[in-house]
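The values are calculated or read from the model by the stated rules, or taken from the named source; none is laboratory data. These numbers come from a predicted model, not from an experiment. Cβ placement follows ideal geometry from the backbone for every residue including glycine, while neighbour counts extend to all protein chains displayed.
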Amino acid sequence: MPATKRPAIGFIGLGHMGGNMAARLLAAGYEVFGSARREPAARWLVEQGLRWRDTPREVAQAADIVFTSLPDDTVVEAVAGGPDGILAGLATGGLWVDMSTISPRASRALAERVRRCDATMLDAPVSGSVPQVQAGTLTIMVGGDVAAYDRVAPILDELGTATRIGGNGQGLALKLAINISLAVQMLAFSEGVLLAEHDGVDRRLAVEVMTSSAIASPMLKARAPLVVEPTDEAWFAMRLMRKDLRLALATAADLGVAVPSAAVAEHVLTRAGDLGYDERDIASIAEVLDRDEGPDERAVARGPERGSAAA
């Protein structure tokens, strides 16, 4: 029997995460069309076979399945709409898989617009950073139509382990739930490291013992070297984690769910931004705490300022 023709893939957003995902798909033998805000940053992918297109519309026209990996609601909306947007290029029966972490509410509204174009949209946010992308071990949470999920599952298998969570927006809801825990773990771990260090315990030894103890998670173990020797390298930038926590706080408010630890972590990450740490990895939270006396308890009790849930 003849081999089934693989779908052509479009990839919009070729930064640290999206670029490495596109690279894995190219290495797996897929034809990949791509676009990003800055073409020079994607030249390494073009050298590997990526077929550059100037606009999201042109990517959608060239591809059978379009993927996006973008920083926030505003950028996803900008890429979706307008005469050069994805919606202008999606064919009848087309499929858009958004791997960005954005608001579940915004994603559901966008999925409805895609349906009106006789196409389908899935939300497929990921848990993991650049090392997991490169190793193909991302955890991928998918929300949306079952048939569309079955169609894209073999492609997602190249990137990690995918699970259909439920309807549109529910993949994102679970991703935000995971990121609350990720941020709070990193904050609590950093507090513990500093407590031990300020009592005279060597930081390297404290981190080694703590990541060998019952509190150790894969995330903490992976970031341990960055806590011992902070660098400018960012697997997950502070500003992006702060954005995700604000999305989680807004979603929790919509649902009437109490998330007090998320509010504390968001407050610390806001302070990180004030101190110039926005582009540093979340492993640098210890540095932020060490430069500060800690969150203002009255501010923590109040929670984030009104309107801070915007991406």
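Please find, among G160, G128, G169, G144, the residue that is over 18 Å from M21 (Cβ atoms) and either free of Cβ contacts under 8 Å to residues at least 40 places away in the same chain or of a type in the set (A, V, I, L, M, F, W, C) (or both).
G144
Scan (1) in a loop (DSSP other than H, G, I, E, B); (2) within 17 Å of V130 (Cβ to Cβ); (3) modelled with pLDDT of 95 or more for the single condition M186 breaks and write down its number.
All conditions are met except number (1).
Would a scan of region 120-128 turn up a residue that is over 29 Å from K5 (Cβ atoms) and either in a helix (DSSP H, G or I) or touching a strand residue (DSSP E or B) at 6+ places or on another chain (Cβ under 6 Å) (or both)?
yes
Can you give me the number of residues within region 264-289 that are surrounded by fewer than 21 Cβ atoms within 10 Å (Cβ to Cβ) and among the small types (G, A, S)?
Residues that pass the stated criteria total 2.
List every residue pair whose Cβ atoms lie under 6 Å apart, where the two residues are 6 or more positions apart in sequence or sit on different chains, the first residue falls within region 68-84 and is assigned by TED's automatic domain parsing to the domain that holds A36, and the second residue, located anywhere, is of a type in the set (D, E) and not in a loop (DSSP other than H, G, I, E, B).
Sorted first by the residue in region 68-84, then by its partner, the pairs are T68/D98.
Being part of a loop (DSSP other than H, G, I, E, B) and not hydroxyl-bearing (S, T, Y) narrows it down to one of A78, A91, A106, A111, so name that one.
A91
Give me the residue from region 129-146 that is part of a helix (DSSP H, G or I) and aliphatic (A, V, I, L, M) and, out of that set, modelled with the lowest pLDDT.
Among those that are part of a helix (DSSP H, G or I) and aliphatic (A, V, I, L, M), it is V130.
Quick check on region 240-249. Is at least one of its residues assigned to a loop (DSSP other than H, G, I, E, B), modelled with pLDDT under 95, within 15 Å of T101 (Cβ to Cβ) and assigned by TED's automatic domain parsing to the domain that holds R203?
No; the residues of region 240-249 include none that is assigned to a loop (DSSP other than H, G, I, E, B), modelled with pLDDT under 95, within 15 Å of T101 (Cβ to Cβ) and assigned by TED's automatic domain parsing to the domain that holds R203.
Which of the residues that make up region 285-311 are under 22 Å from A177 (Cα atoms) and either modelled with pLDDT under 95 or of a type in the set (D, E, K, R) (or both)? Break it down stepwise before answering.
Start the filter on region 285-311 by keeping residues that are under 22 Å from A177 (Cα atoms), which leaves 285, 300-311.
Of everything in region 285-311, those that are under 22 Å from A177 (Cα atoms) and either modelled with pLDDT under 95 or of a type in the set (D, E, K, R) (or both) turn out to be V300, A301, R302, G303, P304, E305, R306, G307, S308, A309, A310, A311.
Which of the residues that make up region 190-203 are surrounded by 17 or more Cβ atoms within 10 Å (Cβ to Cβ) and either touching a residue at least 60 places away in the same chain (Cβ under 8 Å) or farther than 15 Å from E287 by Cα (or both)?
S190, V193, L194
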